[in-house]
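Before any comments, here is the structure.
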Amino acid sequence: MADIASPTVYPTKSMRSAAAASRSAFWALLLRDLTVLRKNLGIFIARTLVQPFLLVFVFLYVFPKIGQGIGGSAGTGGESSFAAVLVAGVVGLSIMFQGIQAVALPLANEFGYTKEIEDRVLAPLPVSLVAVGKVVAGAIQGLIAAAIVFPIASVIHAPGVQAQLSVNWPVLLTLIPLSAIMTSSFGLVLGTRIEPRNIGVMFGFIVLPITFLGGTYYPWTSLGAIKVGSVPWLQILVCANPLIYVTEGFRAALTTAPHMPLYVIYTVLSALCGLFLWMGCRGFLRRVIS
Amino acid sequence: MRTDSTDTVNHHATAEEVIRCEQLTKRYPGNILAVDRLDLSVHHGEIFGLLGPNGAGKTTTVGMLTTLVIPTGGKAFVAGINVVANPALVKQVVGVVAQTNNLDRALTVWENLYYHGRFFGMSAKESRDAADESLAKFRLTERAKAEVMTISGGMAKRLMVARALLHRPPVLFLDEPTAGLDPQSRIALWEILDKLHADGQTILLTTHYMEEADSLCDRLAIMDHGRILAIDTPNGLKETVGTDSIVTVTATGDLGALARFLQERVEGVTKSQIVGGVVQLHVKGTRGVLPKVVAAAEQGGFNITDLSVAEPSLETVFINLTGKELRD
């Protein structure tokens, strides 16, 4: 062990500027996360596929087969328009799930008793960039999830049921990354704000309501029919759900169905990105620096 | 090093000085004073120890010097870089071995080293070579592909030391490096630290083990309640006790009376005190002291059950400074 340490290497000679060191450290953190993803690729794909597969299977195959009405009107016409609604919803939901699972769940381990995130926090870059790196890695997983889910969601259905998709490419190609960043930032907020031991509770109280009230199974515009007096209360309430902007966005990108105005979708998604990133970075700093 | 900001670099630091703290203070929310106006200077190439009981502020001090804890007062410089003003730069010059096993459990043994190298700007090839070399040096090559959860505690600690040194930092920090290790692994780690020391690596470690501090460290700071009580070489500290030997008397009955009695009756006893249920006598001149103690105790009608004599240890120093034992 003659030269484990090299006393002659002194910082005055070997030190790099903060910017250069941060840049290379940031890429290396991403590389580390992607390596972990590659090692767990099987599980990643399985967990990406299970939920959309079940949703599409039940709503677009089982329901039509057993004659259970969906889509508001009888016959394959209603089912086909429902299929289009659902495909958009399922892609949005998958990105949301990926964002939460890819960022919040690993953080619960990494912040736990052993603080294994510490070695990455000690990498030579500002700590908030470690948090941003988590978001970028989560967003990449969201993109992959969207790419896997979209073809499946658009082909699995009972005979006669057709998802009539009409793709608006500019909207689709801007919306996928925007949604992926928003949802993985949301995952960062959850992962840093929820105590690691309570992470299971998160699914019951946060993820499930978001899923069911996030416009996966129905377009937001149709919620206007649910009123108390003249107030469409549910339509207003679900505006607090970040997922609704994702699913409505995909509805705009993939179908000709009515949807929330695009300027609202883009404005809110961008604002949520900023808000969640800011909250998440603050939460991250609070966790690792005292 | 960039010197664009006067706050970045401590121009007063001597070339020899690798760590410098001036009145460094950490007050946690709730008015908990963990570190209280700490002044410290660690020189190039020395193993410096922070010795003290749990809660003395050792880990907080290391935390501040490694950017994980933000000081609430004072200044600290590592390799001349201001820790508070330039945390991202400081991280380039420190290697940190935490108390708990914080290896990346999603990665293998080899990958833990490889990605650490990449974090610090090594190219893929540089980092691969450094990881291979480091595994060989720390005798971990056989477990290169193992998941880190499956290796023993001793190996995990070695891997953590290897990882902390991979980017060749001027200063290595070790927080309670041998806590929780079996005796064999502890000795193995001491050997590694000795070799690093011989190679000129500057090391700051915290410990609450006397023998570790005594045998490893060039200089020590004894800490309690967030303050440094004394800084010196282990021998220098022991000399401050001002006595040749410590006689420990275990007895039944009134220990206070026994202590007073022995101090009066036995020649050369400069001080007596009760520590942890036994009487300790500080004695000048050790010749024939044990028979004298036995005779005196018998005379006084005390019942001695055990008796031993030892040179002053760091334990004695700690008791002298704080009036209490430093328990393992």
Test: residue in region B:180-189 that is surrounded by fewer than 18 Cβ atoms within 10 Å (Cβ to Cβ) and within 19 Å of B:Thr59 (Cβ to Cβ): yes
Would you check if B:Asn101 is facing chain A (nearest Cβ under 9 Å) and farther than 24 Å from A:Pro126 by Cβ? yes
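Condition test on B:Val269, is it more than 21 Å from B:Ala221 (Cα to Cα), free of Cβ contacts under 8 Å to residues at least 24 places away in the same chain and touching a His at 6+ places or on another chain (Cβ under 8 Å)?
When the stated conditions are applied, B:Val269 passes them.
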Return yes when B:Val35 is within 13 Å of chain A (Cβ to nearest Cβ), part of a strand (DSSP E or B) and either over 21 Å from A:Arg120 (Cβ atoms) or in contact with a helix residue (DSSP H, G or I) (Cβ under 7 Å, 6 or more places away or on another chain) (or both) and no when it is not. yes
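Any idea which residue in region B:167-202 is nearest to B:Met122 (Cα to Cα), counting only those that are of a type in the set (S, T, N, Q) and within 12 Å of chain A (Cβ to nearest Cβ)? Before you say what the answer is, go through the steps one by one.
Going residue by residue through region B:167-202, those that are of a type in the set (S, T, N, Q) are B:178, B:184-185, B:201-202.
Cutting the leftovers down to within 12 Å of chain A (Cβ to nearest Cβ) gives us B:201-202.
On the way: B:Gln201: 21, B:Thr202: 22 Å.
The residue in question is B:Gln201.
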Scan region B:214-256 for residues that are touching a Pro at 6+ places or on another chain (Cβ under 7 Å) and aliphatic (A, V, I, L, M) and report the count. 3
Could you check region A:31-54 and list, in sequence order, the residues that are in contact with a helix residue (DSSP H, G or I) (Cβ under 8 Å, 6 or more places away or on another chain) and either more than 14 Å from chain B (Cβ to nearest Cβ) or of a type in the set (D, E, K, R) (or both)? A:Arg32, A:Asp33, A:Ile45, A:Arg47, A:Thr48, A:Leu49, A:Gln51, A:Pro52, A:Phe53
Residue pairs, Cβ under 7 Å, 6 or more apart or interchain, first in region A:164-183 and closer than 18 Å to A:Ala153 by Cα, second not in a helix (DSSP H, G or I). List them. A:Leu165/A:Thr255; A:Ser166/A:Thr255; A:Ser166/A:Thr256
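Find the helices (runs of 4 or more DSSP H) located wholly in region A:157-226 whose residues include 1 or more that are at pLDDT 90 or above, and list them. Spell out how you get there, then give the answer.
Values: elements: A:169-193, A:199-202, A:208-212.
By residue number, A:169-193.
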Quick check on B:Ile70: is it facing chain A (nearest Cβ under 9 Å) and within 22 Å of the chain's Cα centre (by Cα)? yes
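May I ask you to verify whether B:Thr206 is crowded, with 24+ Cβ neighbours inside 10 Å and of a type in the set (Val, Ile, Thr)? Steps first, answer last, please.
Numbers: crowded, with 24+ Cβ neighbours inside 10 Å: yes; of a type in the set (Val, Ile, Thr): yes.
For B:Thr206, the condition - crowded, with 24+ Cβ neighbours inside 10 Å and of a type in the set (Val, Ile, Thr) - is met.
For region A:70-81, state whether one or more residues are assigned to a helix (DSSP H, G or I) and either modelled with pLDDT of 75 or more or at the interface with chain B (Cβ under 7 Å from one of its Cβ atoms) (or both).
If we filter region A:70-81 for residues that are assigned to a helix (DSSP H, G or I), which is where we start, we get A:75-81.
Still in the running and either modelled with pLDDT of 75 or more or at the interface with chain B (Cβ under 7 Å from one of its Cβ atoms) (or both): none.
Checking region A:70-81: not a single residue is assigned to a helix (DSSP H, G or I) and either modelled with pLDDT of 75 or more or at the interface with chain B (Cβ under 7 Å from one of its Cβ atoms) (or both).
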Residue by residue through region A:114-147, note down the ones that are within 11 Å of chain B (Cβ to nearest Cβ), in contact with a Lys or Arg (Cβ under 9 Å, 6 or more places away or on another chain) and outside any loop (DSSP other than H, G, I, E, B). A:Asp119, A:Arg120, A:Val121, A:Ser128, A:Val130, A:Gly133
A careful count of residues in region B:80-98 that are more than 9 Å from chain A (Cβ to nearest Cβ) and without any contact (Cβ under 8 Å) to a residue 24 or more places away in the chain gives 2
Residue pairs within 6 Å by beta carbon, gap of at least six or interchain, first lying in region A:221-246 and of a type in the set (A, V, I, L, M), second surrounded by fewer than 14 Cβ atoms within 10 Å (Cβ to Cβ), listed first then second, are A:Leu234/A:Ile226
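Confirm whether B:Leu159 is modelled with pLDDT of 90 or more, within 14 Å of another protein chain (Cβ to nearest Cβ) and not in a helix (DSSP H, G or I).
Values: modelled with pLDDT of 90 or more: yes; within 14 Å of another protein chain (Cβ to nearest Cβ): yes; not in a helix (DSSP H, G or I): no.
Taking the combined requirement at face value, the residue does not satisfy it.
The values are calculated or read from the model by the stated rules, or taken from the named source; none is laboratory data. As the structure is a prediction and not an experimental result, all values here were calculated from the model. All Cβ positions, glycine included, derive from the backbone under ideal geometry; neighbour counts span all protein chains shown.
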